[in-house]
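Q: Below are the structure tokens for one structure; questions will follow.
The values are calculated or read from the model by the stated rules, or taken from the named source; none is laboratory data. Everything quoted here is computed from the prediction, not taken from an experiment. Here the Cβ positions follow ideal geometry from the backbone for every residue, glycine too, while neighbour counts run over all protein chains shown. To get the accessible areas, we keep the full protein, side chains included, count just its heavy atoms, and leave off ligands, DNA and RNA. Shrake-Rupley method; radii C 1.70, N 1.55, O 1.52, S 1.80 Å.
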Amino acid sequence: MNTSQVAKLLGVSPKTVQRWVKQLNLKMERNELGHYLFTDEDINTLRDIKDQLNQGILFHEVRVTEKKPPRKGIVKTEAAEANPDFDEILQKIAALDQKVNSKADSVVSYQLLQHRREIEELNGRIADLEAKIESLEKQKDKHPTPHSLVFDHIQSPKKQKRRKLISSIFSF
């Protein structure tokens, strides 16, 4: 169906249908002149959009159901059937694929074991640190330290002389 036929079917204007297609980035087929061609599935999608809008959903919140991609199959050609090596090549590819998957699995398993070992080492270090902290806290409780002394800020005579020298050089 073309745009005007779909618009009549939905009870909206053709411009509305075009706006929905453009603003919602719907992938529609076009003819050689660039006009939209709507399938039954496309019309159902547009009906769903209209229903959502009629229910009060804002346009930018409209959910569009994705079209299902067409199914693809493998068709054996006469050339493939005529060539006996083709099946052998397919078997070799399948064997290589299986080897690659096996190797990938073993690499991942090795990495997991290595990470597990590192985590266990870190947990051991954390336990050691917790024990050390606990022992230091016990020592602190047994032997409380006297309050630290606060000294008045006293400048050394060298700093005072140096400041006097610098201030005398830069004073005008």
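Q: Of all residues in the range 69-116, how many are modelled with pLDDT of 70 or more and small (Gly, Ala, Ser)?
A: 6
Q: Looking at the range 3-26 only, could you name the residues that are at pLDDT below 90 and outside any helix (DSSP H, G or I)?
A: Matches in the range 3-26: Leu24, Asn25, Leu26.
Q: OK, next. Condition first: loosely packed, with under 13 Cβ neighbours inside 10 Å and under 15 Å from Asn44 (Cα atoms). Now tell me which residues in the range 11-26 satisfy that.
A: Filtering the range 11-26 down to residues loosely packed, with under 13 Cβ neighbours inside 10 Å leaves 11, 15, 22-23, 25.
Matches in the range 11-26: Gly11 only.
Q: Here's another thing I want to ask about it. Tell me whether the range 145-158 contains one or more residues that are among the acidic types (Asp, Glu), at pLDDT below 80 and over 30 Å from Trp20 (Cα atoms). I'd like the intermediate steps shown before the answer.
A: So the first thing to find is which residues in the range 145-158 are among the acidic types (Asp, Glu), and the list is 152.
Narrowing the set further to residues that are at pLDDT below 80 leaves 152.
When the remaining residues are screened for being over 30 Å from Trp20 (Cα atoms), the result is 152.
There is at least one residue in the range 145-158 that is among the acidic types (Asp, Glu), at pLDDT below 80 and over 30 Å from Trp20 (Cα atoms).
Q: Kindly indicate which of Glu29, Glu41 is at pLDDT 85 or above, acidic (Asp, Glu), open to solvent by 70 Å² or more (accessible area, probe 1.4 Å) and touching a strand residue (DSSP E or B) at 6+ places or on another chain (Cβ under 9 Å). Before the answer, list the steps.
A: Values: Glu41 fails: touching a strand residue (DSSP E or B) at 6+ places or on another chain (Cβ under 9 Å).
Of the residues listed, the single one that is at pLDDT 85 or above, acidic (Asp, Glu), open to solvent by 70 Å² or more (accessible area, probe 1.4 Å) and touching a strand residue (DSSP E or B) at 6+ places or on another chain (Cβ under 9 Å) is Glu29.
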